[in-house]
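Report on the structure given below.
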Amino acid sequence: EAASCETGIPAGIPLIASGSDKACEVLGSGCMTADVGSLSFGTTATFNITTDTYLEADRFHPPYPGVAPGTFNPEMAIRRGFWMVSWFKNEFGLREQRLADERGVAAEALFDDLLQAVSPGSEGLMLQPYWSPGSAPAGPEARGAIIGFSDVHTRAHIYRAIIEGIGFALREGKEILEKRSGEPVKTLRISGGGSQSDQVMQITADIFGMEVERPHTFETSGLGAAIAAAVGAGFYPDFASAVSGMVRVRVRFSPDAANRQTYDRLYRDVYCNMYKSLRPSYRAIHAITHSRI
């Protein structure tokens, strides 16, 4: 009663513990096992799975406790994920910002036109999105890199290279988690603000080489909290049935065969070699400029 007087919350109302924002997001995506991947295109781009055993995706980087008791959500993170879209908007997107103001829409919604203007692979422009060091395999000295410039490249190529680079980094994270969990990811659910773009979803399907699914809401963290409340209040007997009843797939995107082949070669022959090739240069940059690591 005292708490009710202090807060205005009615006395006797059920209080249900949920989970962290990330754990709720994974649950709200419908990812309850290690063979279902939860990919989030948020400010920090992440790839998570759910396991019933403690698993560190990156050494000394504990997994999130899952919302369901006894579960864990190992994570691979690109700390400057879709933040890079904001970076691009601020540094290169003045035209879209002005058009967005005139039309009363978000500038990011106009960037899909830039993606459509450039072919898969950005005509050889490759980007590694370590504008801020992330988790494995990048070390603390990692920096962002763009390689492969030629006289054909425009800001549209840079934007597509950003989206592709985030996709390559997350695919690398997926493969690390698969290796450490011992179980391949068979289903990929995507949420977060970036998932609202059909172009981004298709590029992701092509890079990962598998069908990707967009749930009926990109706000899966809120949905995961609602699932926890539904189970706690007794509307569903367990989390599996709650997820079955409350999570729906709105759209599926299948990879284009030709694009998949292009991306697979760029990923294996170029992207996977970038960090280890550039690492000595990153360390030299720090030593010479005394920049932060």
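The values are calculated or read from the model by the stated rules, or taken from the named source; none is laboratory data. This structure is a prediction, so every number in the text was calculated from the model and none was measured. Backbone-built Cβ (ideal geometry, glycine too); neighbour counts: all protein chains shown. For the accessible areas, the whole protein counts, side chains as well, though only heavy atoms, and no ligand, DNA or RNA atoms are used. Shrake-Rupley method; radii C 1.70, N 1.55, O 1.52, S 1.80 Å.
Of SER132, SER122, which residue is within 19 Å of VAL270 (Cβ to Cβ) and among the polar types (S, T, N, Q)?
Just one listed residue meets the conditions, SER122.
Among the candidates PHE92, PHE88, PHE47, PHE72, which residue alone is touching a strand residue (DSSP E or B) at 6+ places or on another chain (Cβ under 6 Å), more than 14 Å from ALA169 (Cβ to Cβ) and aromatic (Phe, Trp, Tyr)?
Result of the check over PHE92, PHE88, PHE47, PHE72: PHE72.
Condition first: at pLDDT 90 or above and either open to solvent by 40 Å² or more (accessible area, probe 1.4 Å) or more than 16 Å from THR46 (Cβ to Cβ) (or both). Now tell me which residues in the stretch 68-89 satisfy that.
Passing the criteria: ALA68, PRO69, GLY70, THR71, PHE72, TRP83, SER86, TRP87, PHE88, LYS89.
When residues of the stretch 68-97 are filtered for being in a helix (DSSP H, G or I) and aromatic (Phe, Trp, Tyr), how many remain?
Residues meeting the conditions: 4.
Test of understanding: among ALA284, ALA242, which residue is surrounded by 17 or more Cβ atoms within 10 Å (Cβ to Cβ), of a type outside the set (S, T, N, Q) and assigned to a helix (DSSP H, G or I)?
ALA242
So VAL231 clears everything in (1) on the phi > 0 side of the Ramachandran plot; (2) surrounded by 14 or more Cβ atoms within 10 Å (Cβ to Cβ) except one condition, right? Which one?
Answer for VAL231: the failing condition is (1).
For the stretch 266-283, how many residues meet the condition of being more than 22 Å from the chain's Cα centre (by Cα) and more than 11 Å from ALA142 (Cα to Cα)?
2
Looking at ALA34, ALA100, ALA23, can you tell me which residue is without any contact (Cβ under 8 Å) to a residue 24 or more places away in the chain and either part of a helix (DSSP H, G or I) or farther than 30 Å from ARG279 by Cα (or both)?
The unique qualifying residue is ALA100.
Pull up the stretch 37-67, narrow it to residues that are of a type in the set (Val, Ile, Thr) and assigned to a loop (DSSP other than H, G, I, E, B), then point me to the one that is surrounded by the fewest Cβ atoms within 10 Å (Cβ to Cβ).
THR53
Filter the strands (runs of 3 or more DSSP E) completely within the stretch 121-208 down to those with at least 3 residues that are touching a strand residue (DSSP E or B) at 6+ places or on another chain (Cβ under 7 Å) and open to solvent by 10 Å² or more (accessible area, probe 1.4 Å).
It comes to 145-147.
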